[in-house]
Amino acid sequence: MSAWRETDSGIALAIRVTPRGGRDALTAGTDEHFAARIAAAPVDGAANAALIALVAKTFGVAKRDVTVTGGETARLKRLAITGDTRALAERARALYGEAL
């Protein structure tokens, strides 16, 4: 899977998470995943909750529109964002610095 792909209801992302990484930030990673630094520790779902909040803020959607679909306890996670596919794809491209 590439770092992101369009779906019928929005986009799907692959994100490599670094918990206890200082301040929260979502950036381009490799061709296979985004890179996220999360200040929260990976305890009792705190890092996943912080990741969902970060992704929602970055993509301009509500937290309820972001779900972890794979890798709940792993560093490499798969997320789904529900919303306007075109707008979400443009934001993903912008994070990678790709021409629109």
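Assorted remarks:
- Pair list, Cβ under 8 Å, 6 or more apart: the range 61-83 residue over 16 Å from ALA49 (Cβ atoms), other residue among the acidic types (Asp, Glu) and surrounded by 12 or more Cβ atoms within 10 Å (Cβ to Cβ): THR82/ASP65; GLY83/ASP65
- Search result, residues across the range 61-74 that are in a loop (DSSP other than H, G, I, E, B) and either touching a strand residue (DSSP E or B) at 6+ places or on another chain (Cβ under 7 Å) or aromatic (Phe, Trp, Tyr) (or both): VAL61, GLY71
- Condition met for ALA25 (among the small types (Gly, Ala, Ser) and either loosely packed, with under 14 Cβ neighbours inside 10 Å or under 12 Å from the mean Cα position of the chain (by Cα) (or both)): yes
- Total residues in the range 1-19, condition at pLDDT 90 or above, part of a loop (DSSP other than H, G, I, E, B) and small (Gly, Ala, Ser): 2
- Single residue of the range 20-60 satisfying the filter (part of a strand (DSSP E or B) and free of Cβ contacts under 8 Å to residues at least 40 places away in the same chain) that is farthest from ALA3 (Cα to Cα): ILE38
- Candidate set: the range 29-50, residues that are touching a Gly at 6+ places or on another chain (Cβ under 7 Å) and among the hydrophobic types (A, V, I, L, M, F, W, C); chosen: the one nearest to GLY83 (Cα to Cα): ALA35
The values are calculated or read from the model by the stated rules, or taken from the named source; none is laboratory data. Note that the structure is a prediction, hence the values are computed from the model and not measured. In this analysis, Cβ positions are derived from the backbone assuming ideal geometry, glycine residues included, and neighbour counts consider all displayed protein chains.
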